[in-house]
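The values are calculated or read from the model by the stated rules, or taken from the named source; none is laboratory data. In this text the structure is predicted, and so the values were computed from the model without any measurement. Backbone-built Cβ (ideal geometry, glycine too); neighbour counts: all protein chains shown. What goes into the accessible areas is simple: the full protein's heavy atoms, side chains included, and nothing from ligands, DNA or RNA. Shrake-Rupley method; radii C 1.70, N 1.55, O 1.52, S 1.80 Å.
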2 protein chains.
Amino acid sequence: MQVHPGEPARNAETMLRWMKEYRDSADLLVFPEMCIPGYLLGDMWERPAFLRECEYWATRIVEETKSGPAVVFGTVVTDWNVKGEDGRARKFNAWIAASKGAAMEHPTLHRPYGIKTLLPNYREFEDVRHFCDTRKLSLELQKPWSDFVEPLNWNLTGENFRVGIVLCEDAWEDDYAQKPMEVLAGKNPDFTLNLSSSPFTRGKNDKRHRVFGAKARLLGAPLFYVNCTGIQNNAKTLYTFDGRSSVYDCDGVVLNEMPPYAEEVLIVDVPVGKAGRASAQMKFPPPFSIGEVHHAIRYGAEKFLQSINCRKVVVGISGGIDSAVAAAVYREFLKPEELLLVNMPSRFNSETTKNLARTLAQNLGCLYLELPIEESLSVSQKQFQNLQASSLDGKVKTNLSLEGVVFENVQARDRGARLLAAIAAAFGGVFSCNTNKAEMTIGYGTLYGDIAGFLAVLGDLWKEDVYALGRHLNTDVYEREVIPEGIFTVVPSAELSSNQSVDEGKGDPLHYPYHDRLFFAFVQRWNRATPEDLLEWYLEGSLANNLRLPESVDTNLLFPTAQHFIADLERWWNLYNGIAVAKRVQAPPILAVSSRAFGFDHREFLGRPSYTQRYLELKEKALDDGK
Amino acid sequence: MQVHPGEPARNAETMLRWMKEYRDSADLLVFPEMCIPGYLLGDMWERPAFLRECEYWATRIVEETKSGPAVVFGTVVTDWNVKGEDGRARKFNAWIAASKGAAMEHPTLHRPYGIKTLLPNYREFEDVRHFCDTRKLSLELQKPWSDFVEPLNWNLTGENFRVGIVLCEDAWEDDYAQKPMEVLAGKNPDFTLNLSSSPFTRGKNDKRHRVFGAKARLLGAPLFYVNCTGIQNNAKTLYTFDGRSSVYDCDGVVLNEMPPYAEEVLIVDVPVGKAGRASAQMKFPPPFSIGEVHHAIRYGAEKFLQSINCRKVVVGISGGIDSAVAAAVYREFLKPEELLLVNMPSRFNSETTKNLARTLAQNLGCLYLELPIEESLSVSQKQFQNLQASSLDGKVKTNLSLEGVVFENVQARDRGARLLAAIAAAFGGVFSCNTNKAEMTIGYGTLYGDIAGFLAVLGDLWKEDVYALGRHLNTDVYEREVIPEGIFTVVPSAELSSNQSVDEGKGDPLHYPYHDRLFFAFVQRWNRATPEDLLEWYLEGSLANNLRLPESVDTNLLFPTAQHFIADLERWWNLYNGIAVAKRVQAPPILAVSSRAFGFDHREFLGRPSYTQRYLELKEKALDDGK
């Protein structure tokens, strides 16, 4: 089911409707984790009225099992009489199993619900902030935590079953000292339900099949993975939930998998124990495919617009790849009159890119405007001409002028904050932020200028992913050249000065096939790389291997000497840890598709970029050797 | 000591310098929690090179005890051979006690360090994301966690002492099922050290004296609270650390407290056990005083500027209270030539406020500019005149015009993103965001306009606090009327249309003495209030009491009927949970002074504002009764 975060009544309505609809055709309906409250709710858990509302709907659903099928669902359960570690009423990330109008008592916890053992507290997850788990209970009750992982003896269909029920992370136990699935396997469940609220991450589905397949084999019995669809967010970072609820047989083979992002009910005849082996392995799309990413982005953007009750989007298009891809994505689900592309040239924009922008608008068939910014720029320039500020007593004075990069940023802000924001408001819509992850990493963009808008729809894609997504849109989605070929081949450039002329082949100070991967190592690598690691790899000749550089990148050509390598490394490292943090704080929300999106999943602080002693030694040696 | 987050070399340098300096005058030097790495570091803990750097400096400091005094300090300790729950090397928030060139072995843990038992995971704290605690170890090692809370038998000064050592939260045990101080008290330490990294919160010091006083009495022996100074941030929310290291005697009386925000060494003769009772109670400023808040804001703003290597600030001044207070705060530590005030009138700005702005600039004696925005506004108006967008095939068309609130926001963005951003860049500085907490709560402000700048220096102050701070600045700081009286008395107004004319007494749609407290209940109340609670209080006549309304607020006058009350409540609730979330995502960092600042300490999501069933029932009844 699609879970709407913070809307218990709406979520319960879906559940009650399905309970009626499947009254005769199902014995047991299984819903996802936290399907009444939603999952990523910030600190909404601190509102007692909200917790009571969730209780109200859970009670209604349990009552409905008088006449409907049995249910298992995930929700928040509040123990009003006990304090949690934040000093408020204690809450559990819990499951409730109910039939015949009553919730089943947990056989060892002796409560009308079961609770999660492993509370994820990494990436965007922060269960520990709000919920108490069996491990903490175990210290308090002085019983082993494993006592609380116990199959339910449940009469369904007139027959008794031992039903294992766990919540999401409980099956992702491999990095924990406590292993609920191992414990459960020792207690011989006939089948096991995993209720999840698990956001899409590129490549995760493939991994999930491996992990859950192994768990099903461990259990020696079928495992049901029940995940929600929809979108949820932590304000700064927006996640899509791809559903793909699956059934694994006792050999870990996938018997069924629901299509990604589809809200529907799948009726399965439960293959109990060793029965019902899969006849053939299901086929899945290749992991990490751009098609999978495209699906998440399209779904996320559309659902996010719906969630803010908006149907109209403005995209500033420059003739470059990022804005073209963003526009093409929005055009997939917006009508021609709901999408407005705006090209805002200054004296620095080439005919090349202006024409490409126009061709794109033509291909997409949506609304289009060309609004030059020269006149407003000259008002600003005039206002700053010979501009002097002084104190009213005349004792101190200073001159102010718009030159160089200062004037470049004035152009970007004139486009973003003056034009696009006003156009979006006049249009009754929002405007798109087209920045990509490489730019976000180093703050290559102007705050209130191109780093502005309602959603950074491509903000979790490296530059090379943006190109790949553009190719995919032309080839597999539109099946024609909506994004003109010239947009793929023109040099990426901000066109904010005569030093960035695309017709002279000048543009961004980045060689994306290299820098995408350097920045990946800063941001997204499992053990984050720092200048120390990178310089070490460079010096020992393992850089290409460690960064997984494509063969086309010749680092000897990019960096003739160690000095060049170091200068480049420090330039981007200082930006990534410095001004780019300040820009990210005020950047639009990001649609997450990777295992580490900027925002809530990439916690950071604004401080001084620092270098380790070991780095300083390596650097000194490398520079000495180069002399 | 002032701890610089993410700068181990710089922090260790302070420690090594003091170890040399106090070689002869101290037997034991105690440093704060996490004084080598810093504490609020986002996910920097995931960089192995950084963890190795911290190890390097910890080792250097331990070695230094060969010739220096004994030390106790807090730092990160990495167990490279064991996985943490995030799958990376396991890390501890640890203390190290060292003398004679070696770290003391923990008597029960049998490691050269001790670890924190209680990991705070509320507000801005997220220790659990990164660190393992004694409670998790206890499950794994199958020993009670309390075994790992044990005084050190330590020969200092030739004599043996039982030294209790705990970290910060360990003493704030009251809401936890596990109580390390109680355990420690049962093991008779001669004295106990609490190493902290505890940010300033209004009123916290007073509470800390109560809590730590009680713990000292429980221990029956002196308790040393050692806290750091400096600033640290979570990118979005900036915290000041006020130090105020204190010594409590065995009766819980404060023997010594260091001045707030002072980095210095205090040498204390340790009053062991029941010895050395305080002769007289120390005097403290009244809790929750505006002076305390002023100190935090001034310190935070100055240190933050230093941390980003900036000395120049631009403040857009409107003639209203927020910008005046911000300007007066910056003028406290910036020279006249480092502070530039800019008034940017349009046709809607009154002579009243323009004159007040000018007088303020005169009183502060800093740089001043008057830059009207009429000319640039008319360029925008002209550009939108009869503006029509259409598709290139002419099939769809739309008209766009700048009217009403759309044009109001154009003015605000012209000031913020066009003028102030360019002026700040030309000046070589940054510009101030002057928004207050009431405005932030409901998004009363324009993104890229007045919600823009390098720091929302007043972003954690309610409107009435801003007035109080203004009074304090005149009376106690400047001791003259730097903020003109007229700024206190003029009606608060955005002056963006003729409906907001201050000379006609028109202004913000808020009655701050009431709405400050309503918004406080949404945002900052321990158990967050929702419309259900508020309507219930209103109907049962307990609203004034529950919101702690000042007597001057007559809710019967404000809301002649329940319908008025409900309309007002829903208006702000919808904004708080709706568009204001989107604005906060892109708002500048906030300087935190309260127990719940927007940003990292006020987690939220962008969804639909929701109302509980109980609220809907109460509302229906109230509206029916009103008929």
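Tabulated results
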read-out	value
Calculated from backbone phi, Karplus (6.51, -1.76, 1.60) coupling profile of region B:57-69 in Hz, x at Gly/Pro	6, 4, 4, 4, 6, 4, 4, 4, 5, 3, 10, x, x
Cα-Cα over 22 Å, subset of A:Lys204/A:Lys283; A:Lys83/B:Lys91; A:Lys303/B:Lys583	A:Lys83/B:Lys91
Length-normalised contact order of region A:349-500 in % [C-alpha pairs under 8 Å, at least 6 apart]	23 percent
Under 14 Å, Cβ to Cβ, from A:Ile317 - net charge with Lys/Arg +1 and Asp/Glu -1	0
Kirkwood hydrodynamic radius over Cα pairs of region A:298-455, then Stokes diffusion coefficient at 37 °C and 0.692 mPa s, in µm²/s	194 µm²/s
Where Rh is the Kirkwood radius over Cα pairs, Rg/Rh for chain A	1.02
Per-bin percent of Cα-Cα distances, region A:370-411 [10 Å]	26, 42, 23, 8, 2
DSSP-defined beta bridges in region A:153-308 - what % are antiparallel, rounded to 5	65 percent
Prolate/oblate/rounded call for region A:38-101, Cα gyration tensor, a/c under 1.5 rounded	prolate
Using a Förster distance of 60 Å, the FRET efficiency for A:Glu105-B:Ser542 (Cβ separation, nearest 0.05)	0.95
Virtual spin-label span in nm between B:Thr352 and A:Ile267, 7 Å along Cα→Cβ	7.2 nm
Centre separation in Å (Cα based) which lies between region B:507-543 and region A:156-216	44 Å
Label-point separation, A:Gln142 to B:Thr561 (7 Å along Cα→Cβ), nm	6.3 nm
Shortest-first distances to equivalent copies, position A:Arg23, nm, label 7 Å out along Cβ	8.8
Cα-derived Rg over Rh, computed across region B:206-345 with Rh taken as Kirkwood radius	1.12
Cα centroid separation - region A:547-606 against region A:20-96, whole Å	42 Å
Beta bridges per DSSP with both ends in the protein assembly as shown, % antiparallel, nearest 5	55 percent
Gyration tensor (alpha-carbon) shape descriptor, region A:374-504, a/c threshold 1.5	prolate
About the Cα centre, charge dipole magnitude for region A:89-176 (Lys/Arg +1, Asp/Glu -1 at Cβ), debye	420 debye
Total charge dipole magnitude, region A:147-229, about the Cα centre, Cβ charges on Lys, Arg, Asp, Glu only, Debye to nearest 20	380 debye
Inter-chain shielding of B:392-401 (mean C-beta neighbours from other protein chains, 10 Å cut-off)	6
Protein accessible area in region B:49-129, 1.4 Å probe - carbon and sulfur %	52 percent
Charged-residue dipole, Cβ positions (Lys, Arg, Asp, Glu), the protein assembly as shown about Cα centre, Debye nearest 20	440 debye
Relative contact order %, region B:421-499, counting alpha carbon pairs below 8 Å whose residues are six or more apart	24 percent
For A:Phe161, distant residues with modelled amide H under 5 Å away	A:Trp154, A:Asn155, A:Leu156
Other copies of A:Ser67: label-to-label distances in nm, shortest first, labels 7 Å along the beta-carbon direction	8.8
Ascending list, in nanometres, of distances separating the A:Glu620 label from those of the other copies (7 Å, Cα toward Cβ)	7.8
Relative contact order of chain B, defined on C-alpha pairs under 8 angstrom at six or more residues apart (%)	10 percent
Most to least packed among B:18-26, B:584-592 [average Cβ atoms within 10 Å]	B:584-592, B:18-26
3J(HN,Hα) from dihedral phi, region A:550-558, Karplus parametrisation 6.51/-1.76/1.60, rounded to Hz, x for glycine, proline	x, 4, 5, 8, 10, 5, 5, 6, 5
Among A:Trp572, A:Thr555, A:Trp537 - extreme Cα towards positive end, dipole of region A:527-608, charges at beta-carbon	A:Trp572
Per the axis that maps chain A onto chain B, nearest residue of A (Cβ criterion) and its distance in Å	A:Ala417, 2
Residue-wise HN-Hα coupling along region A:293-299, computed from phi with Karplus coefficients 6.51, -1.76, 1.60 (Hz; x: Gly, Pro)	5, 4, 4, 4, 5, 5, 4
Tensor-based shape of the protein assembly as shown (alpha-carbon gyration tensor, a/c under 1.5 rounded, otherwise prolate or oblate)	rounded
